[in-house]
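Scroll down for the structure; my scribbles are underneath it.
Every number in this text was worked out from the coordinates using simple rules, so none of it is lab data. Source: prediction; values computed, not measured. In this analysis, Cβ positions are derived from the backbone assuming ideal geometry, glycine residues included, and neighbour counts consider all displayed protein chains.
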Amino acid sequence: MFELITLPFGKDELLPHMSSSTLDFHHGKHLQAYVTFVNDFVAKESSLQGKTLEEIVVLANSKSEWQGLFNNAGQIYNHNEFFKAIKKNENALPTGALLEKINSDFGSFEKFKEDFINAGKTQFGSGWVWLVLNNGKLEIKKYANAGNPLTDNLKGLLVCDVWEHAYYLDFQNRRPDFLTTFITNLVNWDYVAEKLK
Ligand code: MN
């Protein structure tokens, strides 16, 4: 059975960047629904029992009749990685090897931020912006719906949710403002650096 992850922060700790009502709906309702769907599906499909979430995402992607499972399992993976990399970290910068790698692969941290925000702005409809490691190089990739780097065999380091439910209560239609706030004030860069190791 998969469990709803425990948030690594209190629901009021991210103010004024992300409200507790956003988190109540996003974590408590949207993510919970994906977890419930996958658990119900796996309970009826013995070939999936004992598989990890990552294995289920990849297996479900290979079967068209498992599209619904892929969507829900992919959403659990994306959301877990999104929430685990969040903390209130205003105007923080990555340090050490991670900063050096960003500077070397994007030119500068400012250019990385610009590219990340731009990817989120230009994702038409619901989806995700990921910072991934692709053959040793950092890249930004956007995915629609429940898409994720597991199915491209890429290592995901950081992700921002650009589904409207992630920001509408706090930012309404202003997705670019949400993206700017996320990358400037809400990233736990130590967590990202650990994943790069
Ligand atoms: Mn979401």
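The table for this structure:
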read-out: For F106: the one exception among (1) within 25 Å of A33 (Cα to Cα); (2) in contact (Cβ under 8 Å) with a residue 12 or more places away in the chain; (3) over 16 Å from the mean Cα position of the chain (by Cα); value: (1)
read-out: Any pair with Cβ under 9 angstrom, 6 or more apart, that starts in the stretch 71-84 at a residue that is within 14 Å of V35 (Cα to Cα) and ends at one that is within 11 Å of the ligand (Cβ to nearest atom) and charged (D, E, K, R); value: N78/D161; H79/D161
read-out: Subset of the stretch 172-194 that is assigned to a helix (DSSP H, G or I) and free of Cβ contacts under 8 Å to residues at least 12 places away in the same chain - its residue that is nearest to L99 (Cα to Cα); value: D190
read-out: Per-region count, the stretch 139-157, residues of a type in the set (A, V, I, L, M) and at positive phi; value: 0
read-out: Tally of residues being assigned to a helix (DSSP H, G or I) and away from the ligand (no atom under 16 Å from the Cβ) across the stretch 117-170; value: 9
read-out: Scope the stretch 16-48; condition exposed (fewer than 13 other Cβ atoms within 10 Å of the Cβ) and in contact (Cβ under 8 Å) with a residue 60 or more places away in the chain; matching residues; value: S21
read-out: Flag if D170 is under 16 Å from the mean Cα position of the chain (by Cα), buried (at least 18 other Cβ atoms within 10 Å of the Cβ) and of a type in the set (D, E); value: no
